[in-house]
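Enquirer: Let me give you the structure first, and then I'll get to my questions.
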Amino acid sequence: MAVSERELELQQELSEARQEIVELKSATRTVLNGSEFLTICLVGPLFLAFVALGVIIVWKVTSKPAEVAPHLDIILVAFAIFANPVTAAAGVIVGRMKEGENKQ
């Protein structure tokens, strides 16, 4: 029962193909560790609230400018204070994305 040279070549090609499939499957998976998941859970609502606040401010100012104008300075100060944590969170996300690129 001698194995022919062609059968050995086919077995080698099959082995390489299986290895390549395993590597491709692992490369296409997205894996989050605990800190990345926590970052998404905490930062996601922060971004949504920031955008919602901006939309509400623009909507109120354009629909009822006379009512909002006396309070606009306070509203914009609150929006500016709220922008600092959002900017910091965006920095954290960008930093994690760069770390992920460096790992690959």
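Enquirer: Set the Förster radius R0 to 41 Å, insert the Cβ-Cβ distance between I21 and V92 as r into 1/(1 + (r/R0)^6), and round the FRET efficiency to 0.05. All intermediate terms of the calculation are to be shown ahead of the outcome.
Expert: On the way: r = 35 Å, r/R0 = 0.86.
Working from the Cβ atoms, E equals 0.70.
Enquirer: Between D73 and I56, what length comes free when the chain is fully extended (0.36 nm per residue of separation minus the Cα-Cα distance, one decimal in nm)?
Expert: Values: separation 17, 0.36 × 17 = 6.12 nm, distance 1.49 nm.
Length gained between D73 and I56: 4.6 nm.
Enquirer: Let me ask something else about it. What does the charge dipole of region 1-83 about its Cα centre add up to, to the nearest 20 debye, if the Cβ of each Lys and Arg holds +1 and the Cβ of each Asp and Glu holds -1?
Expert: On the way: 6 positive and 10 negative charges, 149 e Å.
Using only the charged Cβ atoms, the result is roughly 720 debye.
Enquirer: Per residue of region 81-93, what does 6.51 cos²θ - 1.76 cosθ + 1.60 with θ = phi - 60° give for ³J(HN,Hα)? Whole Hz please, x for Gly and Pro, Karplus curve as stated.
Expert: Result, ordered by residue: 5, 5, 6, 4, x, 5, 5, 5, 5, 4, x, 5, 5 Hz.
Enquirer: Picking from G44, G34, G91, which is most flexible by a Gaussian network model of the chain using Cα springs under 10 Å?
Expert: Fluctuation is largest for G34.
Enquirer: Something else now. 222 nm [θ] for the chain, helices only, -39500 (n - 2.57) per DSSP H run of 4+, per residue, to 500? Walk me through the intermediate numbers first.
Expert: On the way: 4 runs with 90 residues, N = 104.
Counting only the DSSP helices, I get -30500 deg cm²/dmol.
Every number here is computed from the coordinates shown, using simple stated rules; none is lab data. Here the structure is a predicted model, which is why all the values come from computation and not from measurement. Glycine gets a Cβ as well: all are built from the backbone with ideal geometry, and neighbour counts include every protein chain shown.
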